[in-house]
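Please treat every number below as a calculation from the coordinates, not as lab data. Just so it is clear, the structure is predicted and the values come from calculations on it, not from any experiment. Heads up, the Cβs are rebuilt from the backbone with ideal geometry, glycines too, and the neighbour counts pull from every protein chain shown.
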Amino acid sequence: MRKTEPRKVDIHEYKHPTGGWGSVISLIRNSARQGLLFSGIWRTMLRQNKPGGFMCVSCSWAKPANAHPFEFCENGAKATFWEQTTRRCDRAFFEKHTVTELLDWPDHDLELEGRLTEPMRYDPQTDRYAPVAWAEAFREIGAELKALDPKSVVFYTSGRASLETSFMYQLLARIYGSSNLPDSSNMCHESTSVGLPESIGSSVGTVEIEDYDRCDMMFFFGHNTGMNAPRLLHPLQKARQRGTTVVTFDPLPERGLQRFKSPQDPVAMLSGSPGTKMSTDYFQLRGGGDIAAITGIAKGVFALDDAAKAAGAKRVLDTDFIADHTAGFAEFEAFVRATTWAEIEARTGLARADLERVAADYAKAERVIANYGMGLTQHRNGTDNVHMLCNLLLMRGNMGRPGAGISPLRGHSNVQGQRTVGITEKPELAPLDTFAERYRFEPPRETGRATVQTCEGIIDGSVKAFLGLGGNFARAVPETGRVEAAWRDMQLHVEIATKLNRTHLLPGKVTYLLPCISRLERDVQASGEQWLSIEDSTACIHGSFGRRKPPSPHVLSEPRIVAELAKATVDGRSSIPWDAWVADYAVVRDEIEHCYPDDFLGFNTRFRQPGGFRRDIEASRRVWKTGSGRANFLVPPSLEADDNVDLTDERALSLLTIRSNDQFNTTIYGYRDRLRGINGTRMVLLMNEADIARLGLREGQEVALESTAGDGIHRRVGGLRVTPHSIPQAIAPATIPSSTR
Ligand SMILES: Nc1nc2c(c(=O)[nH]1)N[C@H]1C(S)=C(S)[C@@H](COP(=O)(O)OP(=O)(O)OC[C@H]3O[C@@H](n4cnc5c(=O)[nH]c(N)nc54)[C@H](O)[C@@H]3O)O[C@H]1N2
Ligand SMILES: Nc1nc2c(c(=O)[nH]1)N[C@H]1C(S)=C(S)[C@@H](COP(=O)(O)OP(=O)(O)OC[C@H]3O[C@@H](n4cnc5c(=O)[nH]c(N)nc54)[C@H](O)[C@@H]3O)O[C@H]1N2
Ligand SMILES: [Mo]
């Protein structure tokens, strides 16, 4: 039985800009729901993303030195309210409900119960979580871990934990003997982490925030900026107001990249202004059609370059840059010229003339930034998408110079930074020799498990223990059903968390829930109040200082929990003085600086400065750390981003990745997808009207989807409501070329 009654469903077209009054009303409603309207929360909000304040726990977009008075957005504020709720999920709650009963609750309702207040252990006898003393919890977890083979234990990280915590956590795993360090980034920007180094020798983007003031053109591929990095709308709006061309490719008409009214602009707010038009051109391409679309633009650029050459005019290609800095251009050119417009039009659903117009804009622009998100990365061949976007920039030398470059819009607030300080299953990406020498232990040298191998190991029984530093692993992975079913066979399950979620309801033989404070909260250790730090999407490191009261006197900080786990598990196996590190996080920052001197020079003196300090990204200054020592043009094996989609099946639909406006990954704030006009339900299947008719369905009908992934595994999701939406038609088999090459 579900706890929540069905809500009134209301679906209508949303015609307003993003931001604007809708945003303000949504904020007030959200703060009131969390019991925060008169709690001093608005004073807290003034410190969000400010020097001396705390860094928002929502997205990873840059935190500028010259902050707005309100340097937060609707969704960042929602994240703050959701976390700072006055509700508590305490021992009385766990006494009242069995775990089996809670498994029937929707994700929204679990987190809505509020903050966890004390450590809990699962009791299989009563099927309930019951309070336990911290010391006992650490002792038992340590004993369990010592009895296990380190290779069978995984240490998962969700992208929220600070640089200090993450650095300590990966050291704990390695001293223990495991390089199984999956993280949330494996589920989102892994295509960036793999694809970008192959293209330009950097695993992170090359732009900094000032580049947004200098560019004269921007691309957006598959990033829903208005929902997922709304503060970026401000520099974008400024760029539009000075005439910057913005071209967007997204199957859905996402409001943020269409119209935006800044809630911080009183004149616009009080006038009937429709808001700024954010994209000069907005193309609703077919899902997975990006390789084809970029090939089309590149084809247009080659045609313009041919014409310039013939006329003796200035070349459109940056031939000097291509000659001096790149490899693989000839192969790329051959691929683009060989691909036909018919293939491109069929795969993208876009017209040749439109793509040629984009090519003409691109040929005129001097400084171009390409932004992208999940629409490019979350595909089987997401790395090919990333390569293609780099290829497009490289054609005109738009990489590694002011106002130009590639900008992967990362997810969680510190997901990029965690990789910087050693959260990785790939031994070659961590300074293992430095660790070994400085901390006197022998780290494992083999490749560990990332998220995919962790799921496989849980399913086949080779993973015996799962430790989660935040997150909601079972819910977040695409293979939820099978992972959940196999979870109980694990020996040990430990979660460090702020709020209850579904993964916590999957016990192993021994199961602990360890509540922590968040970085918005006061963190007092032996040396006094502590700062933390994070790295944003543009590789800037920022200090973060929490002032809010912790949710209960019985919760610990993340660094403290990690240190206690280490002491209980690997004490004496390294020279790390865990207590001294916890006593003063500045000591941990010094250690990070020692292990990563190029990235963190002067860490403790620089990290609180306005705007943070930027790591040295070599590709930003045209130093290419690739195998060839050059930036590589890379040819995709086909035009398909998803080569396993069965296009011959008339009933097959390929799904797109999206999230709603009332959500942060698996955290569901509510049931109002305001900007898409869908309220009261999340169980919708957005479809083109022609597809609804073609498949003999009708609006509002409930349907189930079954996967045709072709791996013999039956996957099904039911209870979806057929909902007409502005979305390209599913690809009609007849229009798809059987092979692109
Ligand atoms: N259904 C669904 N699945 C998804 C996604 C989605 O949007 N929907 N998004 C995908 C993407 S891009 C990603 S990156 C992954 C994310 O995967 P995860 O990072 O694993 O999941 P989140 O939903 O971000 O994690 C939410 C939980 O983190 C805990 N938490 C929150 N704040 C803190 C904190 O400060 N400290 C600690 N220790 N815990 C905290 C809370 O208990 C909360 O329930 O999911 C992927 N999978
Ligand atoms: N409020 C809020 N903020 C967040 C998050 C959140 O859940 N809520 N999550 C955070 C995290 S962890 C991440 S990774 C980011 C994610 O932020 P985004 O990268 O914006 O991720 P999605 O919400 O999945 O949006 C993907 C967009 O790509 C489009 N798309 C889908 N398929 C394709 C395709 O084949 N091609 C193209 N060109 N476009 C396509 C979709 O229509 C959608 O607009 O946001 C971060 N910020
Ligand atoms: Mo993500």
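Given an 8 Å cut-off on Cα distances and at least 6 residues of separation, report the relative contact order of the chain as a percent.
Rounded, it is 22 percent for the chain.
Ranked from highest to lowest mean number of other Cβ atoms within 10 Å per residue, what is the order of the peptides 372-378, 567-573?
Details: 372-378: 25.3, 567-573: 16.1.
Final packing ranking: 372-378, 567-573.
Residues in the stretch 649-656 carry Karplus couplings, in order, of 8, 5, 8, 7, 10, 9, 8, 10 Hz; the curve used is 6.51 cos²θ - 1.76 cosθ + 1.60 with θ = phi - 60°, and Gly or Pro positions show x.
Computed from backbone phi with θ = phi - 60° and the Karplus coefficients 6.51, -1.76 and 1.60, the 3J(HN,Hα) list for the stretch 443-454 is x, x, 9, 8, 5, x, 8, 8, 4, 4, 5, 5 Hz; x is used for glycine and proline. Applying a threshold of 28 Å to the alpha-carbon distances of K50/K499; K78/K151; K63/K464 flags K78/K151; K63/K464 as lying beyond it.
Taking the Cα centre of the stretch 1-113 as reference, the dipole from Cβ charges on Lys and Arg (+1) and Asp and Glu (-1) amounts to some 440 debye.
Along its three principal directions, the equivalent ellipsoid of the stretch 87-129 from the Cα gyration tensor extends over semi-axes of 16, 14, 7 Å, largest first. Extents of the stretch 560-648, largest first, come to 59, 37, 28 Å (Cα atoms, principal axes, whole angstrom). Convex hull volume per residue, computed on the Cα atoms of the stretch 654-735, equals 123 Å³.
Under 16 Å between alpha carbons, and skipping anything fewer than 8 positions from K567 in its own chain: which lysines qualify? Excluding near neighbours in sequence, the set is K146. Highest mean packing comes first when the peptides 274-282, 72-80 are listed by Cβ atoms within 10 Å, giving 72-80, 274-282.
Please state, to two decimals, what the Cα-based radius of gyration of the stretch 84-169 comes to when divided by 2.2 N^0.38 Å (N = residues).
1.30
When all alpha carbon pairs of the chain are counted in 20 Å bins from zero, the resulting P(r) reads 17, 52, 30, 2, 0 %. For the stretch 237-263 versus the stretch 587-623, the spacing of their alpha-carbon centroids is 33 Å. Remark: the D104-I25 segment gains 25.3 nm on full extension, using 0.36 nm per residue and subtracting the alpha carbon distance. In straight-distance terms, cross-link reach from K364 covers every one of the lysines whose alpha-carbon lies under 24 Å from its own, apart from those fewer than eight places away in the same chain; here that gives K238, K277, K299, K309, K314. Here the scattering of the stretch 185-274 is modelled by Debye summation over its C-alpha atoms, one equal scatterer each and no solvent; at q = 0.15, 0.18, 0.20 Å⁻¹ the log10 of I(q)/I(0) is -0.71, -0.96, -1.13. Under 5 Å from the amide H of R614 lie the amide H atoms of I541, each residue being 5 or more positions distant or on a separate chain, with H modelled from the backbone and absent for Pro and chain starts. Using 0.36 nm per residue and subtracting the Cα-Cα separation, the extra length available between D489 and D579 on full extension is 29.0 nm. At full extension, D460 and E699 could sit 81.9 nm farther apart than now, given 0.36 nm per residue minus the alpha carbon distance.
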